[in-house]
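**Student:** One structure follows; several queries about it will come next.
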Amino acid sequence: MATTDVFDERISQFVNSHIGDVIEFDGYMGNIAPHGTYTTRYDFLVNVGDSDDPAVGPNFRFTDFNYTQMNFDANTPDSVYANDEFRFTAEIVSYNASTGLLELRPVSTVYRGS
């Protein structure tokens, strides 16, 4: 979905008709932050494309997952950082029109580099 507006109504329409579907896309870690006060659970903000491209499309987020649950492939380094690039396969969970975040559940996360 090529849009620079994370609040674009088309995102909400797409998500509403595809909740539970699995999508696959090339993207990168925009930000990794601890989930609340946890030290082993994180919120992963993901953008579409390569880290040196301007962000296009919705802001994707994996909320409250640990590294094991992200299903990283064997080529993923021991530490993952912002701008690391992956091939994401994930289930669509929801879209929050107030925050512009499209929530996903990880299926597989394949390392493409940094």
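**Student:** For residues that are surrounded by 14 or more Cβ atoms within 10 Å (Cβ to Cβ) and among the β-branched types (Val, Ile, Thr), scanning just region 70-105, find the one that is farthest from the chain's Cα centre (by Cα).
**Tutor:** The residue in question is 76.
**Student:** With (1) open to solvent by 30 Å² or more (accessible area, probe 1.4 Å); (2) part of a helix (DSSP H, G or I); (3) touching a residue at least 12 places away in the same chain (Cβ under 8 Å); (4) not acidic (Asp, Glu) as the list, and residue 11 as the residue in question, which single condition is left unmet?
**Tutor:** Just one mismatch for residue 11, condition (1).
**Student:** Among the residues of region 55-69, is there at least one that is surrounded by 14 or more Cβ atoms within 10 Å (Cβ to Cβ) and of a type in the set (Gly, Ala, Ser)?
**Tutor:** Checked against the condition, which is being surrounded by 14 or more Cβ atoms within 10 Å (Cβ to Cβ) and of a type in the set (Gly, Ala, Ser), region 55-69 yields at least one hit.
**Student:** Looking at region 19-33, which of its residues are of a type outside the set (D, E, K, R) and either open to solvent by less than 40 Å² (accessible area, probe 1.4 Å) or under 16 Å from residue 82 (Cα atoms) (or both)? Working first, answer last.
**Tutor:** As a first pass, look at region 19-33 and keep what is of a type outside the set (D, E, K, R): 19-20, 22-23, 25, 27-33.
Selection gives 20, 23, 25, 27, 28, 29, 30, 31, 32, 33.
**Student:** Looking only at residues in region 34-54 that are assigned to a strand (DSSP E or B) and open to solvent by 30 Å² or more (accessible area, probe 1.4 Å), which one is farthest from residue 65 (Cα to Cα)?
**Tutor:** Within region 34-54, the subset assigned to a strand (DSSP E or B) is 34, 42-48.
Right, trim to open to solvent by 30 Å² or more (accessible area, probe 1.4 Å) and you get 34, 42-43, 45, 48.
Details: 34: 10, 42: 5, 43: 7, 45: 12, 48: 19 Å.
This residue is 48.
**Student:** Exactly one of (1) in a helix (DSSP H, G or I); (2) within 16 Å of residue 103 (Cβ to Cβ); (3) at pLDDT below 95 is unmet by residue 69. Its number?
**Tutor:** Exception for residue 69: condition (3).
**Student:** Still on this model: Here are some conditions: (1) within 14 Å of residue 106 (Cα to Cα); (2) part of a loop (DSSP other than H, G, I, E, B). Residue 92 meets all but one. Which one does it not meet?
**Tutor:** Of the numbered conditions (1) within 14 Å of residue 106 (Cα to Cα); (2) part of a loop (DSSP other than H, G, I, E, B), the odd one out for residue 92 is (2).
The values are calculated or read from the model by the stated rules, or taken from the named source; none is laboratory data. What you are looking at is a predicted structure, and each value in this text was computed from that prediction instead of being measured. For neighbour counting, all protein chains shown are included, and Cβ atoms are generated from backbone atoms with ideal geometry for every residue, glycine included. The accessibility values were calculated without ligands, DNA or RNA, using every heavy atom of the protein model including side chains. Shrake-Rupley method; radii C 1.70, N 1.55, O 1.52, S 1.80 Å.
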